[in-house]
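Everything on this sheet refers to the single structure shown next.
Coordinate-derived values only; no laboratory data. Treat the numbers as computed from the prediction; the structure is a model and nothing was measured. Don't worry about glycine lacking a Cβ; one is built from the backbone with ideal geometry, like all the others, and counts go over all protein chains shown.
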Amino acid sequence: MGMGFSFIKKKDYKRFLVLGIDNSGKKKILFRFKFNEDIPTVPAKGFFIETFERKFKYNNNNSNDEDIYDKNDFGCSGSSSGSGSSELITSCITLFVVCGQCMIRPLWPIYYTDETDGLIFVVDSTDLERIEEVKLEIKKLDENIKVFKNHPFLIFANKQDFKNSLTIEQLIDKLELNKLSSNRKWHIQSCIALTGEGLEDGLNCNNSFKNHTLIWPSLTLGNIGQLTIDVLICSFDFKRIGFIVDENIIPIIGNDCFTLDNNNNGIMSTSIEVYQSSIFPSITLVQQRSPIVDGRIPNFSENLLNWISTEEIKEILFLSSSNANKRVDSQLTGSQVRFIKSENVDKNIISKLNQMNISEMELTVKSPEGETIQLSNRLTGLAKEIFSTIKSDNNKYKVSFLCLNLFCSEGYNTNEALQMSNLIYNFIKNQDSPSTPQLKTPSCWKLLQGPTFDQSLFF
């Protein structure tokens, strides 16, 4: 029996900054996580650090039922594969608690380092008199983009065991959480620090792929898609969060493609890897370095679409290329990029593409005699299979399909990849993004055409 489709998350090492005004229950939560018991605390100044491990269960399934995959922004994740068993994934979590007296709050941002993965804010649900004060502190943190960037906020609504505590709906309203920055992912979780109720649920609150756009490279002419993914990973701080393993993909392993020279530290690359970045919190990149086994594209496509459906991914965007020698007259001038879409693509996306002077792929052309000639949509391989499946069964798969295709010629295609990277940046950037991206290329590109030949052989 094959192992089926799996997303495997590498072991988590997560660090979270825990904030909140005084007497909200931060230390009580910290000690409950660490020791799993109620430890008396007293008001204190300064900070506290504890590290602990948690084991999160995931179910493996090789039946027709949906695979179950627990993945989140604040804690740990599991994987779904076809082994038919239940396993545990260990997550190592560090909580850095800073006290919340008025004189300390201006110093909160200095404790948020580049190694911090997210912010946990603790709210006393019974402290009605200071709820406005809490709202203002959360607003300050959200607006400090330079420090907190687009990292997620987890809000623990503590002391929910009291009758006078505000409900989650009331807290969302009074704290104006729906007015946080549009790029800020947040979740509010009811909890009781005294008993630990709701704390584990908070760490497992968010599905990191829900409503994401999944950008996938087509293995086509000039490897434009793969080279573009390389540039995006290097330029916008995308971090590898895991791997996709499937029996229909040829397995490979090699040196890491993004580590600086002479600093590999044993990092390896595999067939298909998954990346995310806090700069673009709703984007997931996939880098595919190995082809699908001959004749197995339909099998892999079905496995991939089932996973996409389970993870509630909103859209899959393929980056493709095709032979410029086969263009028709209308494609010879202007933008050399065309899009191919499914019927369920959002109209705002189409409008944005049109504003970028990107037209839909021409599917017909008139002959000199006036006859209508049908043209190919230029899709091949996995993109073609997924497009056909979504087109034929919109009710089963809710994900929308979009492909950006660049006309090019085979050769040294790094310039085309940089062109496509710039286009993708302009397509996914938000209103706070710089108008012009600072694109970077990976060190492995030095080997794209092999090492330089020994000139002494010829002179």
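On the beta carbon distance between Val147 and Lys366, with R0 = 41 Å, the FRET formula returns roughly 0.10. In this structure, Glu312 and Ser359 have a Cβ-Cβ separation that, at R0 = 25 Å, corresponds to a calculated FRET efficiency of about 0.25. Computed from backbone phi with θ = phi - 60° and the Karplus coefficients 6.51, -1.76 and 1.60, the 3J(HN,Hα) list for the range 29-39 is 5, 4, 6, 5, 5, 6, 10, 6, 7, 7, 10 Hz; x is used for glycine and proline. Restrict the search to the range 273-373; then list the chymotrypsin sites (Phe, Trp or Tyr not before Pro) that DSSP places in a loop and that have at most 16 other Cβ atoms within 10 Å of their Cβ. Counting only loop positions with at most 16 other Cβ atoms within 10 Å, none of the chymotrypsin sites (Phe, Trp or Tyr not before Pro) in the range 273-373 qualifies. One chain, two ends: Ile172 and Tyr111. Fully extended at 0.36 nm per residue, the span grows by 19.4 nm beyond their Cα-Cα distance. The label point for Thr195 and the one for Ser433, both projected 7 Å from the Cα toward the Cβ, are 4.6 nm apart. What distance in nm separates the simple spin-label points at Ser351 and Cys102, each placed 7 Å from Cα in the Cβ direction? Result for the modelled spin labels: 4.7 nm. Anisotropy class assigned to the range 229-322 is oblate, per the alpha carbon gyration tensor with a/c at or over the 1.5 cut-off and a/b no larger than b/c.
The distance between label points at Lys34 and Asn415 comes to 6.0 nm (points 7 Å beyond Cα on the Cα→Cβ vector).
Please identify the trypsin sites (Lys or Arg not before Pro) of the range 148-215 that satisfy two criteria: DSSP loop assignment and at most 14 other Cβ atoms within 10 Å. Which are they? The partial results should precede the final answer.
On the way: sites: Lys149, Lys159, Lys163, Lys174, Lys179, Arg184, Lys185, Lys210; in loops: Lys149, Lys159, Lys163, Arg184, Lys185, Lys210.
Counting only loop positions with at most 14 other Cβ atoms within 10 Å, the trypsin sites (Lys or Arg not before Pro) in the range 148-215 are Lys163, Lys210.
Applying 0.36 nm per residue to the separation of Asn325 and Lys139 and subtracting their alpha-carbon distance, the gain on full extension is 61.5 nm. Distant-in-sequence amide contacts of Ile155, defined by a placed amide H-H separation under 5 Å and a gap of 5 or more residues or a different chain, comprise Phe121, His187, Ile188, Gln189. Grab the beta carbon distance between Glu343 and Glu302, set R0 = 25 Å, and tell me the FRET efficiency rounded to 0.05. Efficiency for this residue pair is about 0.75.
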